[in-house]
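First comes the structure, then the notes that go with it.
Bear in mind that the values in this text are calculations on the coordinates, not laboratory data. Nothing here was measured: the structure is a model prediction, and the numbers come from that model. Here the Cβ positions follow ideal geometry from the backbone for every residue, glycine too, while neighbour counts run over all protein chains shown.
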There are 4 protein chains.
Amino acid sequence: MAAIHAAVAGASGYAGGEVLRLLLGHPEVRIGALTGNSNAGARLGGLQPHLPQLADRVLLPTGTEALAGHDVVFLALPHGQSAAVAAELGEDVLVVDCGADFRLKDAAAWERFYGSSHAGTWPYGLPELPGARDALRGAKRIAVPGCYPTAVSLALFPAYAAGLAGPEAVVVAASGTSGAGKAAKPHLLGSEVMGAMSPYGVGGGHRHTPEMVQNLSAAAGEPVTVSFTPTLAPMPRGILATCSAKARPGVTADAVRAAYEKAFAGEPFARLLPEGQWPSTASVLGSNTALVQVALDEAAGRIVAISAIDNLAKGTAGGAVQSMNIALGLPEELGLPATGVAP
Amino acid sequence: MAAIHAAVAGASGYAGGEVLRLLLGHPEVRIGALTGNSNAGARLGGLQPHLPQLADRVLLPTGTEALAGHDVVFLALPHGQSAAVAAELGEDVLVVDCGADFRLKDAAAWERFYGSSHAGTWPYGLPELPGARDALRGAKRIAVPGCYPTAVSLALFPAYAAGLAGPEAVVVAASGTSGAGKAAKPHLLGSEVMGAMSPYGVGGGHRHTPEMVQNLSAAAGEPVTVSFTPTLAPMPRGILATCSAKARPGVTADAVRAAYEKAFAGEPFARLLPEGQWPSTASVLGSNTALVQVALDEAAGRIVAISAIDNLAKGTAGGAVQSMNIALGLPEELGLPATGVAP
Amino acid sequence: MAAIHAAVAGASGYAGGEVLRLLLGHPEVRIGALTGNSNAGARLGGLQPHLPQLADRVLLPTGTEALAGHDVVFLALPHGQSAAVAAELGEDVLVVDCGADFRLKDAAAWERFYGSSHAGTWPYGLPELPGARDALRGAKRIAVPGCYPTAVSLALFPAYAAGLAGPEAVVVAASGTSGAGKAAKPHLLGSEVMGAMSPYGVGGGHRHTPEMVQNLSAAAGEPVTVSFTPTLAPMPRGILATCSAKARPGVTADAVRAAYEKAFAGEPFARLLPEGQWPSTASVLGSNTALVQVALDEAAGRIVAISAIDNLAKGTAGGAVQSMNIALGLPEELGLPATGVAP
Amino acid sequence: MAAIHAAVAGASGYAGGEVLRLLLGHPEVRIGALTGNSNAGARLGGLQPHLPQLADRVLLPTGTEALAGHDVVFLALPHGQSAAVAAELGEDVLVVDCGADFRLKDAAAWERFYGSSHAGTWPYGLPELPGARDALRGAKRIAVPGCYPTAVSLALFPAYAAGLAGPEAVVVAASGTSGAGKAAKPHLLGSEVMGAMSPYGVGGGHRHTPEMVQNLSAAAGEPVTVSFTPTLAPMPRGILATCSAKARPGVTADAVRAAYEKAFAGEPFARLLPEGQWPSTASVLGSNTALVQVALDEAAGRIVAISAIDNLAKGTAGGAVQSMNIALGLPEELGLPATGVAP
C-alpha cells in the first residue's frame, strides 16, 4: 500500500500536536502540510518541542492551498471553522474533525449550546458505541467525539444498552488542564492550577452535555438526562469520569458485570478492569486505552461506573486516528499506543 | 486569662502536625507535651521540619504520664485508640478527638463500617450545623468530624434543612493525598499520585459515608442516602466535594440561593460565594475557611452544591481548634487563619 | 500604639496578594487603600479569592489620590514605576518597594540589566546581612530584595563574610512559577509547567544576578562573580538555591559550620539546620523562614550551601513586612508566620 | 529475522516496567519471561496497570529457571545482584544490566561508593560518547549508564572532548521521583514531594558521581572532578542537568557552539537545540531523546550546558534498548520513541 499522506490543520495547538505525535508512530502515514493561523510562518520546533523530527517544519496558513492534495486531513480548529475548510476539500478526501461542529444530530441542541447554526452531522468516531464502528467503515467525514463524552459514554453505555440504569445520570469528571487548550488565560496559569481542584460550567452549561445525552439516550433507546459537572484537576492530561445512575429494580451486581463484560469483549482500546481494580488517569497517559470499572452500590441503589482516558489521546487524537484506521480499512490498532507512560 | 496548656497525642502525623501549626498561631495556647508511638524519642524537627519553633521538642510515648496535667488534649490517633486514652484523662480536661471513634450516633453503623464495638458519641465539632454550636459550649469531649463529612455536610445541609432536596444525595469528592495519612504505602508515592486522578472505596464502602448520612438526615428530618465516591487528586491538601440531589418539585433557583444565604449568614468560616464564582481548593490552602457555591440545574432537575476546604485545616485541625475555642468560651475565630496561602 | 494604616499598590498581583495575606495576620496593621491598574474598579474577591475578609474591597487606580494618608505604602508594581509613585508620597510615609528599582547601588549595572536610568538606592530589606538591620531602623524607604538574591545571599554570605570561599560562585536555583508573576503567558500555563523543569535566562542574563554580586561582594570585601542559572519548577511557590564556591586552601568542615552557626545565631527567620538535614521548599510554604544547610565537598574542594525559602513570603512580602517591623520599631517577628504549611 | 525473545528480571519496578513499555513497541521483540522477587506469583496487571497487554502475565521468581532460553535478558535489579544472575546465563545471551554493577572501571571507586567488591566492567551503553558505539556492536554484556550520568555526560562531554573546559565541573540536577524507585518510603510520599524541591546526597556522596568523573575524564583526557548536587523535583519523571565548568582562556561562544554541533551531528537521540531555545523535561517525557543546549557566560567565565532527559527512558530503559539494537546489529532507532508526550 502506498503511504497515506496526511495534513494537520491547527498543528500548533494541543490537539494538533497530539495528532502529530501519533502520526509519527503510524507506519502507514506520511505527514504532509501543517497549518496554523496566528502561528503561520513559525517553525514547529518552537511550538511543539516534544516533536524533534518535525522541528524544522514551517506552519502554513490554514486553507485549501495548503491542505489540498492529501489523503487525510485532520482538523484541530476552534469550533465553527471546520465546515468551511471541509467544504473546499474534495469528497474523496478523508476529513477527520477533532472539533465539535459535526458531532450533534439535534440542531436545536447545537444552537442552544453554541449559539450558531448547525453545520450537520458526520459519522461519529467512537467505535465502541453500538453501531458506530460500521458507520465509520469507508466514511469520508468523521466527527471525533469530545473528550468528556468519550469518557462518559464508555463508562455508561453498557448499563443503558442493557437496560439496567434509570434515565437520570449524574456525572462528575476531572480533567487535566490541556483540555482547556493552549490559549493563555490567567486561571490556567500553572501557579493557579497546581494544588487546585475547581469546578466550572456547573449546572448544565457545559457544551459536552448534549453530546452525552445523545449517546446515552441512543444506547438506552429512551431519553436520558445528564447532570454533568466538570472539574479542573492539577495535571496536564487525563479524564476521570465518575458516573452513576439509579439501578432499575431487581438489577444485581452480576447482571451489571455481565453487561460490561459483553460491551467490551474484543475491544482493543476499551478495557474492563478485573473486579476490585479501579482505573487511574496515570495508567493511560499518552495511551489510546480507556479503562473502565463498575460497581453496584446497594445501599444507595446506584450503578457507579468510572472511566479513565487520556483526554488528548483516546479523548481526541487517538480517537481520530483509530477512526481513520477504520475508515481506511486499516487494522484498527495500527500505530496507536495501548500502553500508558507510567509512572 | 492564664494560658491554655495543650498537649497533642500523635504529633508526628499529618493531623497532629496541623494541630501544632495552628496552635503555634493561637495567642492563648501554650504547647505542652507532644507524643507519638513509633516515633517516641525522636526530635520533632526531623519529623515536622515546617515547625522550626518546635524542632528541639522530643516526642514522648502516648499515655497518661505525658498527657496528664494539661487543660486540653488533642488526640490525632488511629481509630480505636481514643477511648482508652480519654478514659484516663480527667473529666475536667477538654479532650478533642480528631479520630473517628466518637462521631457516630448509630452503633450499628459504627460496627458495620469499623468492625469493632462502638465507643460512644461526643458533641460534634462542626459548629455550622444546626444546633451544633450550642452543644459545643462548655463541652469537655469533642468529636472532630471527618474531612469528607465536613465538606459534604457544609455543601448540602442548607438544601436539606430548607426542605429543598430529595433524599438521595450523590457525592463525588476529590481529596489531596494528605487525607490518606503519612504511612508509606506504594500507591501513595509521589511517582504514583502525580498526574493521577483515581477513585477508591467505590460503591458505598468508605467509612465517612455513615457520618454524611447522619448529618444530612438530621438536617432533613428524614432518612437521606448518600452515594459517595472519593477520589485521590494530585495535590497534597484540599477537598472539592461535588454534591447533588434532586430538587423537590417547584423549587426555584431563588429559593435555593435564599436557603444558602440564610444558612451561612454570620458564619466566620463558611462562606457562600457570590453567584457565578465557584470554589477552588487553592483558595483555602492552610485556611479554616470553607467556600460553598450552589446552582440549580433545571434541565437535570438537580441542586448542585460544591464546597472546597483544606482537609487538614477546616477538615481536621482547624475544626478542632474552632471547636476548642467554642468549648472554652473563647472567641470562635481566635488564632485561626481565614486566609488561604495562594497561589 | 495606634494602628498602622497601610496601603498596597498592585494588590491584584501575586506579590500584592501576599502582602495582604500577611498584613491580615499582623496585629498592629489596618489595611487601607488597595490599588491596581488594569483591574481598577474590580472587587478583590474575584482576583484574590483566598482573602475572603477583603472580598468586597474595590481596587482603586494606583496614584497619590488613593495612596496618600497612610503610614505605610507597599509597592508591588512592575519595575520602573516605583520612583514616580514614591516621589509623590511624603517623606514621613514609610514606602516599602517590592520591585527592583532601588535595590542596586551600581547605576551602571542597573542600566546594563534594565536598560533605563537608575532611580537610586534605598536601605536594603534583608536584615540578616551584615549591617543591614541597622540601616533599616527608622528608615522611610525600603528596597525589598529580589526573591533569588534573598535565597542566594542567605546561603552564601556566611562563607564570604568569614573569608572561606573563593570569588567565583556558581548558583543553580529552582523557583516555583509564582515568581514569574500573574500575567498570562503560554509557557506559564499549567499544562506546560506541570512535569517540567526548565532553565531560563541562562548565561548571566537574569536581572537578579547583579544583586547577588552586590551582596556577596559586600560580604567578601572583594569582587565576587556569580554564574547564575534559574530554573522553573513545577510548583506554585518556593525557591531552592544550590550554591557553591571553591573552598579557600585549608578550610575545614568545622570552620564552615562555625561560620554558619555564627551568622545565623539569634536570627528569627534564618535557620541553620542540624547537620545532615537538608532544606526543602515544602517546609517553608507560606512562611517567612529561610532554611539553610552547608557542606564541604572535599573531593571537589567546594563549599556547597543550600537554602529554601518561599519566594512570595521571605522572598518578597515577608521580607517586606519584616523590614517594616524593623523600620517602625516593632518587634521584628510581629505578625509573621515562621511555620510552613506542610504537607 | 526471527523475533528476538527477551526476558525482564525485575519487571515489577519502574525500570522494568519501562523496559516492558518500550519492548511492547519494538517490532522485532517478543516478550518472554517476567520475573520479580517479592512480587513473584502476582499478576502484572495489578503492578503495572499501564501495560494492559501484559495484564495477565504472572511474575516468576528471578533466577536461571525463568530467564534461560532467551536471546536477551534485561536486568532491572538492585545493585549487587546482577553478577550472579548473569553468570548463570550463557555467553551467547545478550545481558543488558540496568543496574550499577558493571559501569565503573575503577574498582577502588566502586568499593568506596558501594562498599562491596567490584564485579567488573562491561561495555557502556551510552553510544553518543566517543568510541562507545563501536564497543557495543556485537557485545554480549552491556552496562546501562545511570540516569544522572547519562544527562550530565551528554551535556558536558563535547566541551571536554574539544578541550574547551577546565577540569572542575559543577553539576546541579533535578530529577523526577521515579528515579528513587518504587519502594515505599515516607519522604517519597506524594504529600511530601508535591510542592517540594529538596537536595540529597550533597557534598559528593551520590553514587553516580564516580561514573560522571569516569566519563568526563575520558572525554577530557585528563582527570576531571565533579561537584554534584542532585535534587528531587515534584514530577514523576525527567532530569534537568545544569552543568558548568570554567571556559579555558580564549574560548569563544562560536567555538563552544561548533564543538556541540560536531558532537551531536547525526545522533538520532541526542539533539542540540537551536540557539536561544532551552530544554525542558516536559519535552522528553516517555521519549528516548536527550535535548541539550549550551551557552558561554562571559561575565562569569563559564561554559553552561544543560540537558533534559526522561530518567526512565533515555536514562534507563531507552538507553538499554538503544544499546541492545546496536549490539544485535538492528537499526539503532528501532522501536524507540523520539517524541515526548506533551503537554
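Summarising the amide proton neighbourhood of B:T229: residues at separation of 5 or more, or on other chains, whose placed amide H is nearer than 5 Å comprise B:V171, B:V172, B:A173. In this assembly of identical copies, the label point of A:A183 (Cα plus 7 Å along Cα-to-Cβ) is separated from its counterparts by 2.0, 4.8, 5.0 nm, sorted shortest first. Chain D residue nearest the axis that carries D onto C, by Cβ, with distance in whole Å, is D:V172, 2.
A cut-off of 5 Å between modelled amide H atoms, ignoring neighbours fewer than 5 places along the same chain, links A:N39 with no other residue. For B:R112 and B:L334, what is the calculated FRET efficiency with R₀ set at 30 Å and r taken between the beta-carbons, to the nearest 0.05? The value I calculate is 0.20. Taking a Cβ cut-off of under 13 Å around B:R21, the surrounding Lys, Arg, Asp and Glu residues balance to a net charge of -1, with basic ones at +1 and acidic ones at -1.
Which order do B:D254, C:D71, A:D310 fall in if you start with the one that has the fewest other Cβ atoms within 10 Å?
Taking fewest neighbouring Cβ atoms as first place, the list is B:D254, C:D71, A:D310.
What is the range B:78-147 by shape, rounded, prolate or oblate, if you read a ≥ b ≥ c off the alpha carbon gyration tensor as root eigenvalues and call it rounded for a/c under 1.5, prolate for a/b larger than b/c, and oblate otherwise?
oblate
Averaged over peptide A:8-20, the number of partner chain Cβ atoms lying within 10 Å of each residue's Cβ comes to 1. Which of rounded, prolate or oblate describes the protein assembly as shown when judged by the alpha-carbon gyration tensor and an a/c cut-off of 1.5? In terms of gyration-tensor shape, rounded. Comparing D:A253, D:A100, D:A241 in a Gaussian network model of chain D (Cα springs below 10 Å), the most mobile by mean-square fluctuation is D:A253.
With the label put 7 angstrom out from Cα along the Cα-to-Cβ vector, C:P223 ends up 3.2, 8.1, 8.5 nm from the copy partners, going from closest to farthest.
Modelled label positions at A:E298 and A:A183, each set 7 Å beyond Cα in the direction of Cβ, lie 5.0 nm from each other.
For the segment C:40-53, counting C-beta atoms of other chains within 10 Å of every residue's C-beta and taking the mean gives 5. From the cross-link list A:K140/A:K185; D:K105/D:K182; A:K314/B:K182; B:K314/D:K185; A:K262/D:K185, which pairs have alpha carbons spaced over 31 Å apart? Over 31 Å apart, Cα to Cα: A:K140/A:K185; A:K314/B:K182; A:K262/D:K185. Computed from the Cβ-Cβ distance with R0 of 60 Å, the FRET efficiency linking D:E261 to A:K105 stands at 0.60. Sequentially through the range A:74-81, phi angles give Karplus couplings (6.51, -1.76, 1.60; θ = phi - 60°) of 8, 9, 10, 10, x, 4, x, 9 Hz, Gly and Pro residues having no value and appearing as x.
In chain B, Cα pairs under 8 Å separated by at least six residues give a relative contact order of 18 percent. Taking amide H as placed 1.01 Å from N in the peptide plane, the amide H of A:V224 sits under 5 Å from that of A:S217, each at least 5 places away or on another chain. Using the Karplus relation 6.51 cos²θ - 1.76 cosθ + 1.60 with θ = phi - 60°, the per-residue 3J(HN,Hα) values for the range A:297-305 come to 8, 5, 5, 8, x, 10, 8, 10, 10 Hz, with x marking Gly and Pro. Computed from backbone phi, the HN-Hα couplings of the range B:132-138 come to 6, 4, 4, 5, 7, 4, x Hz, rounded to whole numbers (Karplus: 6.51 cos²θ - 1.76 cosθ + 1.60, θ = phi - 60°; Gly and Pro given as x). Here is how far apart the A:T252 label points are across copies: 4.9, 8.1, 8.5 nm, shortest first, using a point 7 Å from Cα toward Cβ.
Working note: 222 nm ellipticity from helices only, DSSP H runs with n ≥ 4, each -39,500 (n - 2.57), summed and divided by the residues of chain A, gives -7500 deg cm²/dmol to the nearest 500.
Between A:Q53 and C:R137, what FRET efficiency follows from the Cβ-Cβ distance if R0 is 60 Å, with the result rounded to 0.05? In this case the efficiency is close to 0.45. By its C-alpha gyration tensor, with a ≥ b ≥ c as the square roots of the eigenvalues, how is the range D:123-223 shaped: rounded for a/c under 1.5, else prolate for a/b larger than b/c, else oblate? Oblate. In this Cβ point-charge picture (+1 for Lys and Arg, -1 for Asp and Glu), the protein assembly as shown has a dipole of about 0 debye about its Cα centre.
The fewest-to-most ranking of B:F157, B:F74 by surrounding Cβ atoms within 10 Å reads B:F157, B:F74.
Look at the stretch C:24-30: the mean tally of other chain Cβ atoms within 10 Å of its residues' Cβ atoms is 1.
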